[in-house]
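Worksheet: the structure to be examined is printed underneath.
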Amino acid sequence: MRFPLIKVKRGDAVRIVGSNSHDFLCIDEETGGLQYTDLQSLAGTEKHNGSACLNFVPNEQDEIDAFMGPTVEMVSLEELIEIATQNLVDMTENQIKMFKIAEAHVGKEALLEENQRAGKNRKQGAQELLDEKVNNLNEMIGKYTATLRSCHEKLKDYENIYHSDGDLIL
């Protein structure tokens, strides 16, 4: 099974749709086309006054692009899990970078004091969030693996029912 990997870009910044809780996809009633909106900034792919704030990113590896026009990249479950894992790592690294920037700008003492008032160290909170998300992802991978094994076993059962030439064994 393949899954669509829809990407949008603003300038040179590209991101995967669904990697942010503010991402929203809808079907344009007039054209039947897919439209993306960032609900936080209200930027999107829908054209207002002749231009859109964001654009969809077409599949770069598409050999039939000249004939079909832009298409969406399709990925396997394994590729999707790998992409989601990398996205989680990137988000966590960005949180740590933001903490370091805030630390340098505000001052370590003031930031630590604020963190103590909040009840926990932000770095520790980011690590706890990463650990929680990794555990959730591992659980999801376990469920998918069990489902794939079950499907594989059912396929073996079906193979035992049929000869290689397709005749049914009774």
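Read-outs throughout are calculated quantities, based only on the coordinates presented, and are distinct from any laboratory measurement. Note that the coordinates shown come from a computational prediction; the quantities given were computed from them, not determined experimentally. Note: ideal-geometry Cβ built from the backbone for every residue, glycine included; neighbour counts use all protein chains shown.
Odds and ends about this structure:
- For GLU82 and LEU39, a Förster radius of 25 Å and the Cβ-Cβ distance give a FRET efficiency of 0.40, rounded to the nearest 0.05.
- Phi angles across segment 6-15 convert, under the Karplus curve 6.51 cos²θ - 1.76 cosθ + 1.60 with θ = phi - 60°, into 3J(HN,Hα) values of 8, 10, 10, 9, 10, x, 9, 7, 10, 9 Hz, Gly and Pro given as x.
- Among ARG15, ARG2, the order by Cβ neighbours within 10 angstrom, fewest to most, reads ARG2, ARG15.
- Label-point gap, in nm, between TYR144 and GLU93 - each point 7 angstrom along Cα→Cβ: 2.1 nm
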